[in-house]
Amino acid sequence: MGNGMTKDVVAPPGGVMTDEVGTITGELTLEPKIGSDGTVRLRAQYKGAEEWYTVTGAQIKVDPGNGAAVDRAAQDLLSRFTP
């Protein structure tokens, strides 16, 4: 995506599970990214850090040519971690 659709959050109780490093906690930045296969995946980083981690189970498959579907999927993934 890379369109600036990021969200700063405080991890919920128990943290956010990632594929690469397990649970991360504290202040995080979340960002949805679309892959070439049309899968929108949510990734997270410690706020202000450079390294990104894939949020476990946070992915939605869409038609990559359908911008509205991509945006809806990105918003849905972000809303899982924001009030």
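The values are calculated or read from the model by the stated rules, or taken from the named source; none is laboratory data. What you see is a predicted model, and the numbers here were worked out from it, not measured in a lab. With ideal geometry, Cβ positions are generated from the backbone for all residues, glycine too; neighbour counts draw on all protein chains shown.
Can you say whether Ala44 is among the small types (Gly, Ala, Ser) and touching a residue at least 24 places away in the same chain (Cβ under 8 Å), as far as the supplied structure shows?
On the way: among the small types (Gly, Ala, Ser): yes; touching a residue at least 24 places away in the same chain (Cβ under 8 Å): yes.
Considered against the rule, which asks whether it is among the small types (Gly, Ala, Ser) and touching a residue at least 24 places away in the same chain (Cβ under 8 Å), Ala44 comes out as yes.
Can we say Tyr53 is touching a Gly at 6+ places or on another chain (Cβ under 8 Å) and of a type in the set (Phe, Trp, Tyr)?
no
Taking segment 51-83 as the search range and keeping residues that are touching a helix residue (DSSP H, G or I) at 6+ places or on another chain (Cβ under 9 Å) and surrounded by 14 or more Cβ atoms within 10 Å (Cβ to Cβ), which one is nearest to Gly26 (Cα to Cα)?
Applying the filter and picking the extreme gives Val55.
Within segment 1-46, track down each residue that is of a type in the set (Gly, Ala, Ser) and assigned to a loop (DSSP other than H, G, I, E, B).
Gly2, Gly4, Ala11, Gly14, Gly15, Gly26, Gly35, Ser36, Gly38
How many residues are in contact with a Gly (Cβ under 9 Å, 6 or more places away or on another chain) and surrounded by fewer than 15 Cβ atoms within 10 Å (Cβ to Cβ) when one looks only at segment 20-50?
Total satisfying the criteria: 6.
Against the conditions (1) polar (S, T, N, Q); (2) within 16 Å of Pro83 (Cα to Cα); (3) surrounded by fewer than 11 Cβ atoms within 10 Å (Cβ to Cβ), where does Thr6 fall short? Just the number, please.
Single failed check for Thr6: (3).
Just wondering, is there one or more residues in segment 19-27 that are under 11 Å from the mean Cα position of the chain (by Cα) and not hydroxyl-bearing (Ser, Thr, Tyr)? Break it down stepwise before answering.
Taking segment 19-27 and keeping what is under 11 Å from the mean Cα position of the chain (by Cα), we get none.
Scanning segment 19-27 turns up no residue that is under 11 Å from the mean Cα position of the chain (by Cα) and not hydroxyl-bearing (Ser, Thr, Tyr).
Which one of the conditions (1) within 18 Å of Gly14 (Cβ to Cβ); (2) at pLDDT below 95; (3) small (Gly, Ala, Ser) does Gly38 fail to meet, given that it meets all the rest?
(1)
Within segment 47-83, track down each residue that is touching a residue at least 40 places away in the same chain (Cβ under 8 Å) and assigned to a loop (DSSP other than H, G, I, E, B).
Result: Phe81, Thr82.
Results for (1) among the polar types (S, T, N, Q); (2) under 24 Å from Asp71 (Cβ atoms), shown as yes or no for each residue.
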{"site": "Ala11", "(1), (2)": "no, no"}
{"site": "Gly14", "(1), (2)": "no, no"}
{"site": "Glu20", "(1), (2)": "no, no"}
{"site": "Thr23", "(1), (2)": "yes, no"}
{"site": "Gly26", "(1), (2)": "no, no"}
{"site": "Arg41", "(1), (2)": "no, yes"}
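Which condition number in (1) at pLDDT below 95; (2) under 13 Å from the mean Cα position of the chain (by Cα) is the one that Gln59 fails?
With respect to (1) at pLDDT below 95; (2) under 13 Å from the mean Cα position of the chain (by Cα), Gln59 is out only on (1).
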